[in-house]
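First the structure, in the form of structure tokens, and then the observations on it.
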2 protein chains.
Amino acid sequence: MEAEIITIGDELLLGQTIDTNSAWLAEQLFPMGIRIQRITTIRDTRDAILNEVHAAFKRSALILITGGLGPTRDDITKETLAEYFGTHLERNREVLEEIERFFRQKGRPVLEVNRAQADLPADATLLRNTRGTAQGMWFEKDGKVLISMPGVPYEMKGIMNDGGFERLRERFNSPKFVQRLVLTQGLGESYIADLMSDWEQSLRNEGLALAYLPSPGLVRLRISGSASNGDLRLIEERINHYVKELERRLPHHVYGYDRASIAGVLGNILQERSASLSLAESCSGGYISHLITAVPGASSYYRGGVVCYSNEAKVELLAVDSELLKKHGAVSEEVVRAMAMGARERFGSTYALATSGIAGPNGGSDEKPVGTVWVAMASAKRCATAKLNLGKSRSRNITISSLSALNMLRNEILSKEL
Amino acid sequence: MEAEIITIGDELLLGQTIDTNSAWLAEQLFPMGIRIQRITTIRDTRDAILNEVHAAFKRSALILITGGLGPTRDDITKETLAEYFGTHLERNREVLEEIERFFRQKGRPVLEVNRAQADLPADATLLRNTRGTAQGMWFEKDGKVLISMPGVPYEMKGIMNDGGFERLRERFNSPKFVQRLVLTQGLGESYIADLMSDWEQSLRNEGLALAYLPSPGLVRLRISGSASNGDLRLIEERINHYVKELERRLPHHVYGYDRASIAGVLGNILQERSASLSLAESCSGGYISHLITAVPGASSYYRGGVVCYSNEAKVELLAVDSELLKKHGAVSEEVVRAMAMGARERFGSTYALATSGIAGPNGGSDEKPVGTVWVAMASAKRCATAKLNLGKSRSRNITISSLSALNMLRNEILSKEL
């Protein structure tokens with residue numbers, strides 16, 4: 001089934017907010033057989049909203065709208081939708097009570113702009129928001145559905161998870177697509193395409209679609225099939241066949257599937273083995289630690305880390321020999337190795353990872369240009385190192401160094417067991 | 001002048017990639033007087049591209065397209081645009097040589113799919129891409145302009161910065177809008193709206209527009225004016241008047257303007273005073289360190305940090321008294337204070353920040369529910385603490401704790417000097 005997303009708000013058109021809602025909604029709806037054909041971002045004006053809803057209903061049976069429902073004066077979506085659907089706003093007693101309770105709990109006064117959030121279209125079914133005061137609204141017209149939600153991602157997701165998806169599933173049950181994302185680290189898009197060209201051709205010949213989704217340090221491969229080419233289970237099997245073949249050919253690079261994160265995958269590997277991890281970060285500056293601790297439950301395997309942005313910190317906290325620093329410089333194989341071993345010792349962890357490099361944009365030399373990064377992995381048996389020659393972008397260098405270090409440890413643990 | 005952005009790619013419609021390009025482009029174009037009226041994301045098919053370009057040219061004098069130019073087989077934008085503009089593809093010798101050099105430098109073989117990136121529309125002006133192999137293309141038709149660029153943000157930004165914006169400025173010079181973003185930390189959207197309601201009314205009465213842009217821990221206020229209500233300098237002055245008044249009323253919360261980050265602002269404050277910083281992070285898990293080190297030049301004031309995810313690390317690396325941990329637990333005012341003082345001592349820094357809390361989603365108790373966070377700031381004179389009562393979302397708790405800690409130090413340093 002085809003659907004559209006409309007996002008409303010000048011902050012999106014002025015580039016002051018990045019729209020993350022559309023991607024999240026599209027990803028959740030796909031396995032339900034609801035495929036987003038179009039995403040349109042428009043201004044928060046009556047005309048823009050009326051025109052776009054009208055045009056979208058001509059094309060699609062479902063419209064999802066985010067944004068334009070804030071308590072402040074610049075939001076007019078609710079009134080405009082009431083007008084479009086020929087209904088009026090009424091103050092909802094139950095919602096009003098919850099709004100008042102919500103503010104009492106936070107110890108803040110209830111303002112009239114907050115109370116006005118309880119003025120809701122009489123003909124809409126409410127999708128309750130328990131995380132904020134702007135309610136979700138489900139409208140129907142000529143057998144088509146429009147859902148309007150606030151733009152705050154946390155609230156929008158709550159509304160959909162708490163009942164929005166369920167209602168959609170009941171209403172439009174037509175699972176028609178299957179997809180699998182295969183996540184790789186450390187290879188370029190065209191390099192993979194070349195290496196796997198026979199595989200890719202064969203996959204396409206079987207009616208499956210393939211797309212490459214690159215981001216710094218990673219390439220995700222999306223393999224998908226539509227039920228119009230056969231039954232769903234058959235397509236799933238066909239896709240799994242290609243996934244396995246890809247994994248067989250690129251074992252060091254395929255780290256997971258679908259929505260997995262490399263830190264989450266590594267976390268599971270550590271947890272299953274009752275192993276622990278510590279970090280010594282220089283150029284990655286705490287980003288590896290952030291990736292690891294973003295995963296719920298990380299405290300069961302992550303002991304901690306040192307961000308040693310100065311030579312003194314490397315010597316004092318990680319017992320790196322100051323002679324090594326003098327002789328080879330902080331960005332060197334010798335020092336990154338000493339950092340990894342120092343962290344492992346210091347935290348008493350099974351494994352340790354370390355980074356040292358020139359993140360940029362300044363600070364490079366002819367011998368060690370910006371983008372020169374050393375990564376090290378220490379275990380009880382050995383300390384392995386790798387050198388990366390990255391580019392001039394600080395944020396890319398931080399990201400790629402961090403992902404490479406995490407994948408280095410994943411490979412170390414898994415290959416030891418083969 | 002009105003413009004539109006079209007982003008192309010199934011990865012966007014399937015939610016596998018978040019579109020960050022549109023926000024970046026819109027933000028850069030606004031001060032040039034080019035205002036994005038609409039952003040549309042469409043499928044990578046000939047029909048979708050032809051229809052959307054046709055419709056967009058009816059509405060706007062400028063179209064910016066990102067995506068659909070990758071080397072792999074699923075991209076057909078280039079051919080479709082050549083068809084739309086009635087031209088054909090030709091292999092560009094100079095581009096071909098650069099592509100071959102690009103791959104030689106990376107030590108990778110040049111594939112035929114890479115060479116095909118040199119097949120370019122004969123009538124388009126090239127906007128050269130020095131970071132990848134897909135070139136930017138500038139088309140003209142009936143006095144209107146279309147720019148097509150690859151979707152990789154790093155390459156797209158390079159193309160615009162290296163000549164795209166300059167060419168647009170020459171072509172469409174009409175600066176008509178002024179805006180200022182005022183960045184606040186630690187207050188809710190409706191709380192600010194209520195506190196500043198007279199200010200807001202007066203601002204609107206003077207023909208200026210105001211919008212609230214909330215994100216976890218922060219609210220940005222956008223004040224903008226259009227030159228149709230007076231000359232630009234006058235509008236700038238008017239906006240500055242309201243900005244100053246806001247800053248005067250919320251001195252602890254306004255931390256900067258426009259594209260500033262709180263870590264960047266704090267970095268400047270530290271650098272100007274030759275002061276230094278260290279960190280002891282528990283629940284924020286390295287995220288404060290990441291925010292600080294994302295700023296180029298952070299090594300001149302950031303000494304380093306310890307991420308102490310275990311009690312042992314708190315005792316061993318930060319000399320936290322193990323009796324304190326036993327008596328009060330890791331999430332307590334006493335322990336977070338000892339962590340901050342321990343980090344300051346250990347790294348020999350002017351200031352130190354520490355966090356300890358229950359990030360969630362699990363691990364809470366009746367006494368200390370998920371979202372309970374202690375933040376501490378240690379200086380030579382004192383150690384201040386604050387307790388935050390946050391929600392159940394791990395990522396929000398990490399973000400809000402980190403931003404609160406950074407703003408706590410900013411306030412400490414600035415208020416000392418008053």
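The values are calculated or read from the model by the stated rules, or taken from the named source; none is laboratory data. Just so you know, these numbers come straight off a predicted model, no measurement behind them. Don't worry about glycine lacking a Cβ; one is built from the backbone with ideal geometry, like all the others, and counts go over all protein chains shown.
Residue-level analysis places B:Ile239 among those that are surrounded by 18 or more Cβ atoms within 10 Å (Cβ to Cβ), more than 30 Å from B:Val370 (Cβ to Cβ) and in contact with a Ser or Thr (Cβ under 8 Å, 6 or more places away or on another chain).
If you go through the stretch B:275-299 and keep only what is buried (at least 24 other Cβ atoms within 10 Å of the Cβ) and either over 16 Å from B:Ser395 (Cα atoms) or among the hydroxyl-bearing types (Ser, Thr, Tyr) (or both), you end up with B:Leu277, B:Ser278, B:Leu279, B:Ala280, B:Ser282, B:Ser284, B:Tyr287, B:Ser289, B:Ile292, B:Thr293.
The single condition among (1) under 30 Å from A:Gly217 (Cβ atoms); (2) surrounded by 18 or more Cβ atoms within 10 Å (Cβ to Cβ) that B:Glu200 does not satisfy is (1). The set of residues from the stretch B:105-136 being within 14 Å of another protein chain (Cβ to nearest Cβ) and among the charged types (D, E, K, R) comprises B:Lys106, B:Arg108, B:Glu112, B:Arg115, B:Arg131. B:Arg38 meets the conditions (1) charged (D, E, K, R); (2) at the interface with another protein chain (Cβ under 7 Å from one of its Cβ atoms); (3) under 20 Å from the mean Cα position of the chain (by Cα) in every case but one. The failed one is (3).
Each residue in the stretch B:1-25 was checked for being crowded, with 24+ Cβ neighbours inside 10 Å, more than 22 Å from A:Ala211 (Cα to Cα) and at the interface with chain A (Cβ under 8 Å from one of its Cβ atoms), and 1 pass. Within the stretch B:345-353, is even one residue closer than 19 Å to B:Gly186 by Cα, among the small types (Gly, Ala, Ser) and modelled with pLDDT of 95 or more? No, the stretch B:345-353 contains no residue that is closer than 19 Å to B:Gly186 by Cα, among the small types (Gly, Ala, Ser) and modelled with pLDDT of 95 or more. Looking at the structure I just gave you, is B:Arg204 within 11 Å of another protein chain (Cβ to nearest Cβ) and either touching a helix residue (DSSP H, G or I) at 6+ places or on another chain (Cβ under 6 Å) or in contact (Cβ under 8 Å) with a residue 40 or more places away in the chain (or both)? The answer is no for B:Arg204. Taking the criterion of being aliphatic (A, V, I, L, M) and facing chain A (nearest Cβ under 9 Å), the residues of the stretch B:296-326 that qualify are B:Ala298, B:Val306, B:Val307, B:Ala313, B:Leu317.
Every condition in (1) in contact with a helix residue (DSSP H, G or I) (Cβ under 9 Å, 6 or more places away or on another chain); (2) touching a residue at least 60 places away in the same chain (Cβ under 8 Å); (3) in a helix (DSSP H, G or I) holds for A:Ala3 except the one numbered (3). When the stretch A:356-389 is limited to residues that are more than 17 Å from A:Ser289 (Cβ to Cβ) and of a type in the set (A, V, I, L, M), the one that is surrounded by the most Cβ atoms within 10 Å (Cβ to Cβ) turns out to be A:Ile358.
The residue pairs whose first member lies in the stretch B:178-194 and is within 9 Å of another protein chain (Cβ to nearest Cβ), whose second member is part of a loop (DSSP other than H, G, I, E, B) and surrounded by fewer than 21 Cβ atoms within 10 Å (Cβ to Cβ), and whose beta carbons are closer than 7 Å, counting only pairs six or more residues apart or on different chains, are B:Leu181/B:Asp258; B:Glu189/A:Thr72; B:Ser190/A:Leu111; B:Tyr191/A:Arg108; B:Ala193/A:Thr72; B:Asp194/A:Leu111. Scanning the stretch B:179-234 for residues that are part of a strand (DSSP E or B) and charged (D, E, K, R) yields B:Arg180, B:Arg220, B:Arg222. Restricted to the stretch A:70-116, the set of helices (runs of 4 or more DSSP H) holding at least 2 residues that are exposed (fewer than 15 other Cβ atoms within 10 Å of the Cβ) comprises A:93-106. Against the condition surrounded by fewer than 22 Cβ atoms within 10 Å (Cβ to Cβ), in a loop (DSSP other than H, G, I, E, B), more than 14 Å from chain A (Cβ to nearest Cβ) and of a type in the set (D, E, K, R), how does B:Lys392 come out, does it pass? Taking the combined requirement at face value, the residue does not satisfy it.
Yes/no matrix, rows are residues, columns are (1) part of a strand (DSSP E or B); (2) closer than 26 Å to A:Ser310 by Cβ; (3) assigned by TED's automatic domain parsing to the domain that holds B:Ser300; (4) charged (D, E, K, R):
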| position | (1), (2), (3), (4) |
| --- | --- |
| B:Glu312 | no, yes, yes, yes |
| B:Val320 | no, yes, yes, no |
| B:Val331 | no, no, yes, no |
| B:Val336 | no, yes, yes, no |
| B:Gly342 | no, yes, yes, no |
| B:Glu345 | no, yes, yes, yes |
| B:Ser356 | yes, yes, yes, no |
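When A:Ile63, A:Ile42, A:Ile34, A:Ile6 are screened for being modelled with pLDDT under 95, in the same structural domain as A:Met149 (by TED's automatic domain parsing) and of a type in the set (Val, Ile, Thr), only A:Ile34 passes. Among the conditions (1) under 24 Å from the mean Cα position of the chain (by Cα); (2) more than 8 Å from chain A (Cβ to nearest Cβ); (3) not in a helix (DSSP H, G or I), the only one that B:Leu279 does not satisfy is (2).
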